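One structure is given here, and the rest of the page talks about it.
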Amino acid sequence: EPVFSPDGQTILYRRVGGGLIRSSLWSRDQGIYRIPARGGEAKRILKKGERPQFGSSNDRFFYQLGKREKDADNRALISVDLDGKEPQTHYTSKWATDYRISPDGKWLAFIDRFNVYVAPFVATSRSILVGPKDKTLPIAQVSQEAGISIHFSGDSQRLHWSLGPNLFTRELASAYAFLNDGETIPPEEAIREMAIGFQAGHAQPHTSIVLVGAKLVTMGEAGNLENGAILIEGNRITQIGNRSDLNIPSNAKVIDISGQIVLPGFVDTHAHGSQATHGIIPQNNWVNKARLAFGVTTIHNPSSDTETIFATSELSKAGLITAPRIFSTGTILYGATGAFRAEVKSLEDAQFHLSRMKSVGAISVKSYNQPRRDQRQQIIAAAREQQMMVVPEGGSTFMHNLTMIVDGHTGIEHTMPVQYIYDDVLDLWRGTGVGYTPTLSVAYGGLWGENYWYAQDDLWTHPRLKAFIPPHVLQPRTRRRLTAHEGDYNHMKVATIAKASFDQGGLVQAGGHGQLNGVCTHWEIWSFVQGGMTPLEALTCGTLHGAKYLGLDGDIGSLEEGKLADLIVIEKGYDPTQDIRHSEHIQYTMVNGVLLDAKTLSEYGTANSDQPPFFWQNGNLGIGVPIPQTEHCISCPAGHVHLW
């Protein structure tokens, strides 16, 4: 968040820490700093606060600070001098998420409920409560659609904001009659739109690979092919069948995997997991690599930070990071309280939210605890107009779940909050096309599946988990695990609902919920078998059904000619179609036509060293999470290295 002072002599910036997916080694002394623009020593001015900015003065600056309460986020705009002294709170808002001061110090812009507003900046001795309906100041809504990244032009005459790949600009004079000869100009006439997006090539390997000799579990019409062969050219499957039937190019790399099993890559349709901290996307994210190491080649995250999840998805598509295919709802359409609440009081409100989410790259939205049925129906109607999916939060509310089925949501996320369902519910559900992602690792109503699988093995010794998951994430839950009598685990009972839905032609898919990324997708598939599915049925849920649920089965989910080359090769001697616990024994993961060693994620035929180490593998530095800071080290000899 670096900013220059008006005279160009001073730079303000914010120092942040690490966290779950980035090293915490340099997490001390966080806060807002100033440094001379020509170089020199940086000085910490404030320990708390974010988004520093100057107005017209060189010797005072503004920053933002939230003081969240039950019924308000209370984001404040505060100014201090360059030493952090003489604080003055100028504005507070219940639900604003960002403020910006114009360079001449005369205007305040803010975002509230996703819309962009502007008001005259008035300096008083008391703070002013500001919001869309506040009458203290003449407040004007300047956006017609949603907006982020608000900023003023250098002459303070125009306000800019963005949404997706477009930049919007509006003259301030058009928003106020007293600045425009007594007239206001309608937004559709006053707002200028400019496309600022750019195109990049979709990553595609220039290779030809043939996998021969394996049993191909295609999940397609061909069924299982013994002694099969599959030709991958670039990132697509171009031929598949019996080995003798393929016309293999002379330049193809032939890999003999006789006696092994090949499956489509796993599709996790409920895959939470961080992609950034403080807006910084790591190039080497263990969350994504852990998924690939366990054969998960496509994820759908039904609740994530909008700005970073779609940026990460684009980086993955361009081949700039190693990751599965990433799809998401972005930030949920939250029905409860909070600054990011998505208010839905009409179909027009729902259309507003669906439009803004599609603009940033969402293929779906998560209707999260919208309290009234008509609100949820309005979201569905708006989604149909935008050709988007609606995956509602199950919410442990059985009657809500039934109306979600009747109203035609894409699916139900999380388990039905009952132990069993009977013919009345099955009859209602049958034929609706409404899918079911039970996330059995966090099943409602009793002990979770996650707890069960922690108790089955010494996971802290698991070589692949140790290789791809930080010890401060892996060890606490795996070493100090909850144990119980097997009959007390609820996930096995509610898994029978998934089996019943599957048996009547329902779409059931795997969602690991990001509990222990990578292996949690397998936990879900294994739990399906505990609920009565055969191993092949459970594998179908983890592959083809997930692809169908996301509307991607034309490209992924099965091994068929013309589809994207996302697949896994099971280690020799293991067969998950016979023993579902074998599904984690993966030798190779292929994503987008690139064949990776599942143990190291090195590309086939290259040295293991082509993958950079994770932050905790650099001499154990950076292990842990940031701890509360103190002014001085306690009992710390000089020169001690702190591991935060």
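The values are calculated or read from the model by the stated rules, or taken from the named source; none is laboratory data. Computed from a predicted model, the values in this text were never measured in an experiment. Every residue, glycine as well, gets a Cβ built from its backbone with ideal geometry; the counts of neighbours run over all protein chains shown.
Observations on the structure shown:
- Subset of region 28-40 (residues that are in a strand (DSSP E or B) and within 32 Å of the chain's Cα centre (by Cα)): Gly31, Ile32, Tyr33
- Within region 1-27, restricting attention to residues that are more than 27 Å from the chain's Cα centre (by Cα) and either part of a loop (DSSP other than H, G, I, E, B) or among the small types (Gly, Ala, Ser) (or both), the residue that is farthest from Arg100 (Cα to Cα) is Gln9.
- Subset of region 564-582 [buried (at least 22 other Cβ atoms within 10 Å of the Cβ) and of a type in the set (D, E, K, R)]: Asp566
- Members of region 93-106 that are within 24 Å of Ser57 (Cβ to Cβ) and not in a strand (DSSP E or B): Ser102, Pro103, Asp104, Gly105, Lys106
- Every residue from region 226-247 that is under 17 Å from Val591 (Cβ atoms) and small (Gly, Ala, Ser): Gly234
- For region 549-605, the set of residues classified as of a type in the set (D, E, K, R) and under 26 Å from Gly433 (Cα atoms) consists of Asp553, Asp555, Glu560, Lys563, Asp566, listed by residue number.
- Qualifying residue in region 464-487 (condition: in contact with a Pro (Cβ under 9 Å, 6 or more places away or on another chain) and part of a helix (DSSP H, G or I)): no
- Those residues of region 181-219 which are of a type in the set (S, T, N, Q) and surrounded by fewer than 18 Cβ atoms within 10 Å (Cβ to Cβ), in sequence order: Thr184, Gln199, Gln204
- Restricted to region 234-286, and to residues there that are free of Cβ contacts under 8 Å to residues at least 40 places away in the same chain and assigned to a strand (DSSP E or B), the residue that is farthest from Thr415 (Cα to Cα) is Asn242.
- When we screen Thr543, Thr483, Thr534, Thr461 for residues that are in contact (Cβ under 8 Å) with a residue 60 or more places away in the chain and of a type in the set (Val, Ile, Thr), the only hit is Thr543.
- The condition of being in a strand (DSSP E or B) and either touching a helix residue (DSSP H, G or I) at 6+ places or on another chain (Cβ under 6 Å) or free of Cβ contacts under 8 Å to residues at least 24 places away in the same chain (or both) holds for only one of Ala109, Ala119, that being Ala119.
- Within region 304-320, tally of residues that are in a loop (DSSP other than H, G, I, E, B) and surrounded by fewer than 21 Cβ atoms within 10 Å (Cβ to Cβ): 4
- Any hit, region 44-54, residues being aromatic (Phe, Trp, Tyr) and within 23 Å of Leu108 (Cβ to Cβ): yes
- Residue ID - farthest from Thr297 (Cα to Cα), chosen from residues in region 590-613 that are modelled with pLDDT under 95 and not in a loop (DSSP other than H, G, I, E, B): Ser609
- Candidate set: region 220-265, residues that are of a type in the set (S, T, N, Q) and buried (at least 16 other Cβ atoms within 10 Å of the Cβ); chosen: the one farthest from Ser558 (Cα to Cα): Gln260
- With respect to the stated conditions, Thr478 is more than 22 Å from Glu393 (Cα to Cα), polar (S, T, N, Q), buried (at least 18 other Cβ atoms within 10 Å of the Cβ) and not assigned by TED's automatic domain parsing to the domain that holds Asp597.
- Residue match in region 583-592 (condition: among the aliphatic types (A, V, I, L, M) and surrounded by fewer than 24 Cβ atoms within 10 Å (Cβ to Cβ)): no
- Residue check for Lys43: more than 33 Å from the chain's Cα centre (by Cα) and basic (Lys, Arg): yes
- Residue ranges of strands (runs of 3 or more DSSP E) in region 133-226 with at least 2 members of a type outside the set (Asp, Glu) and under 30 Å from Gly562 (Cα atoms): 208-217
- Only one entry of Ser24, Ser102, Ser56 meets the criterion of being touching a residue at least 40 places away in the same chain (Cβ under 8 Å), touching a helix residue (DSSP H, G or I) at 6+ places or on another chain (Cβ under 9 Å) and within 22 Å of Trp161 (Cα to Cα), and that entry is Ser102.
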